[in-house]
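Asker: One structure, pasted below without further comment.
The values are calculated or read from the model by the stated rules, or taken from the named source; none is laboratory data. Computed from a prediction, not measured in an experiment: that's the story for all the values here. Don't worry about glycine lacking a Cβ; one is built from the backbone with ideal geometry, like all the others, and counts go over all protein chains shown.
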Amino acid sequence: MTPIILPLLFSILIASIFTPLMFWFVKKGCGNASALMLTTTSMIMLLSGLIATVGYSFSRLIGSIPEYTKHIEMQIAQLSEYLSPTQMEMLDTYFSAIDMNQVVNFAAGIGASITEGIIIGCLIVVLAIFVLHEILTLPSRYKGEGCPIPQAASRFSILFAQLIDYMVVRTKINLFTGFGTMIGLYIIGIDFAYLWGICAFILAYIPYVGFTISLIPAIILGFMQFGIAGVILVIIILNVVNLLTDVLLFPYIASEDLNLSPFIVFTSVFFWGFIFGPFSSLIAVPITMGIKIFLEQYDETKWIAVSMSGNSKKEKQRIGEIEKR
């Protein structure tokens, strides 16, 4: 079931990101067909550019592995001045056990996985286009047939509106995270700073955990290029970026606009990652939010939704509107 469910969920996720753009085109006077075509073109161009940049950077990174091997040897030689003979022997044993051919093969395997991911990504984009089409045309189909909007459809529209809110907020913060990471690493001279900025942008969709994972390659390169000083600089810069986004800004916005407590956000990442695999962590919060909004619709389960919420004013207002129905 996972190979079927995950692409569908990701397509809904991507569609939610581009829905505001599609309705912006509609407000500017574009017809439904033109708005959908312009949105689809923008989506394909943006995702294609992102994939091309990552692929090109990754191929250059693989080609630079022999050079980075020499950097490691130089940094180990410099560390020998500060370490005891026993510590140096342990360090030499550790690095000598690393077969660079295996590293290259591992990197090539990642490249093959990326190729497979691109194929799945094309399917997700096609599904996202169909989702955008349904969002744009479904209300007019109800109206054209003189059919009242079902209560279930109304509830789903609330759910999807909250999903769009989440994705807009999360994407804005992730852009800040990505650009902050890229600029900070570029200033101190870390190679492929733009690649690590893109990785930080994508992985930041996994709250609290993703950005930490994106630090690892930059820290390793910091050590290869500048030694311990480079590691310290990378950690300081990226933690400042993380402090301004996930630690300070996002939890506040999540409580006000997303209406999920930080504990629920954090727990959902690990729960859905366990159910559907690590990639589902990217959409863990939207899935959890959908469940919470669904629980709000019924008196018997409303207490669970309130327990999951951030207790914001918007939350109370929305539950009040549901009760009036």
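Asker: Search the range 37-56 for residues that are in the same structural domain as Leu175 (by TED's automatic domain parsing) and pair each with any residue that is outside any helix (DSSP H, G or I) and of a type outside the set (Asp, Glu) when their beta-carbon atoms are under 9 Å apart and the residues are at least 6 apart or on different chains.
Answerer: none
Asker: Only one of (1) surrounded by 20 or more Cβ atoms within 10 Å (Cβ to Cβ); (2) within 20 Å of the chain's Cα centre (by Cα) is not met by Ile190, so which one is it?
Answerer: For Ile190, the exception is condition (2).
Asker: Could you check the range 1-32 and list, in sequence order, the residues that are in a helix (DSSP H, G or I) and of a type in the set (Lys, Arg)?
Answerer: First, the residues of the range 1-32 that are in a helix (DSSP H, G or I): 2-27, 32.
Hit for the range 1-32 is Lys27, nothing else.
For every residue, the table says whether it meets (1) surrounded by fewer than 21 Cβ atoms within 10 Å (Cβ to Cβ); (2) at pLDDT 85 or above.
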residue	(1), (2)
Gly230	no, yes
Leu258	no, no
Phe270	yes, no
Lys292	no, no
Leu295	yes, no
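Asker: Taking the options Leu138, Leu127, name whichever one is at pLDDT 60 or above, in a helix (DSSP H, G or I) and under 22 Å from the mean Cα position of the chain (by Cα).
Answerer: Details: Leu138 fails: under 22 Å from the mean Cα position of the chain (by Cα).
Step by step, each of Leu138, Leu127 is checked, and only Leu127 is at pLDDT 60 or above, in a helix (DSSP H, G or I) and under 22 Å from the mean Cα position of the chain (by Cα).
Asker: Anything in the range 167-182 that is in contact (Cβ under 8 Å) with a residue 60 or more places away in the chain, surrounded by fewer than 22 Cβ atoms within 10 Å (Cβ to Cβ) and under 12 Å from Pro20 (Cβ atoms)? List them, or say none.
Answerer: Residues satisfying the conditions are Val168, Val169, Thr171.
Asker: Please state which one of Ile114, Ile119 is assigned by TED's automatic domain parsing to the domain that holds Ser11, modelled with pLDDT under 65 and within 30 Å of His133 (Cα to Cα). Break it down stepwise before answering.
Answerer: Values: Ile119 fails: modelled with pLDDT under 65.
Going through Ile114, Ile119 in turn, the sole match is Ile114.
Asker: Give the range 1-36 a look and list any residue that's of a type in the set (Gly, Ala, Ser) and without any contact (Cβ under 8 Å) to a residue 24 or more places away in the chain, or say none. Let's see the steps before the verdict.
Answerer: Residues of the range 1-36 that are of a type in the set (Gly, Ala, Ser), as a first pass: 11, 15-16, 29, 31, 33-35.
If the condition is that a residue be of a type in the set (Gly, Ala, Ser) and without any contact (Cβ under 8 Å) to a residue 24 or more places away in the chain, then Gly29, Gly31, Ala33, Ser34 are the ones that fit.
Asker: Count, please, the residues in the range 268-310 that happen to be under 24 Å from Ala15 (Cα atoms) and either in the same structural domain as Leu9 (by TED's automatic domain parsing) or of a type in the set (Ser, Thr, Tyr) (or both).
Answerer: Summing the residues that are under 24 Å from Ala15 (Cα atoms) and either in the same structural domain as Leu9 (by TED's automatic domain parsing) or of a type in the set (Ser, Thr, Tyr) (or both) in the range 268-310 gives 4.
Asker: Let me confirm something: among Ile220, Ile216, Ile198, which residue is in contact with a helix residue (DSSP H, G or I) (Cβ under 8 Å, 6 or more places away or on another chain) and either under 29 Å from Phe10 (Cβ atoms) or surrounded by fewer than 20 Cβ atoms within 10 Å (Cβ to Cβ) (or both)? Break it down into steps so the answer makes sense when it comes.
Answerer: Values: Ile220 fails: in contact with a helix residue (DSSP H, G or I) (Cβ under 8 Å, 6 or more places away or on another chain); Ile216 fails: in contact with a helix residue (DSSP H, G or I) (Cβ under 8 Å, 6 or more places away or on another chain).
So the residue among Ile220, Ile216, Ile198 that is in contact with a helix residue (DSSP H, G or I) (Cβ under 8 Å, 6 or more places away or on another chain) and either under 29 Å from Phe10 (Cβ atoms) or surrounded by fewer than 20 Cβ atoms within 10 Å (Cβ to Cβ) (or both) is Ile198.
Asker: Does Ile220 satisfy the criteria of being in a helix (DSSP H, G or I), under 19 Å from Gln162 (Cα atoms), of a type in the set (A, V, I, L, M) and at pLDDT 80 or above? Give the steps one after another, and end with the answer.
Answerer: Details: in a helix (DSSP H, G or I): yes; under 19 Å from Gln162 (Cα atoms): no; of a type in the set (A, V, I, L, M): yes; at pLDDT 80 or above: yes.
Judged against the criteria, Ile220 is not a match.
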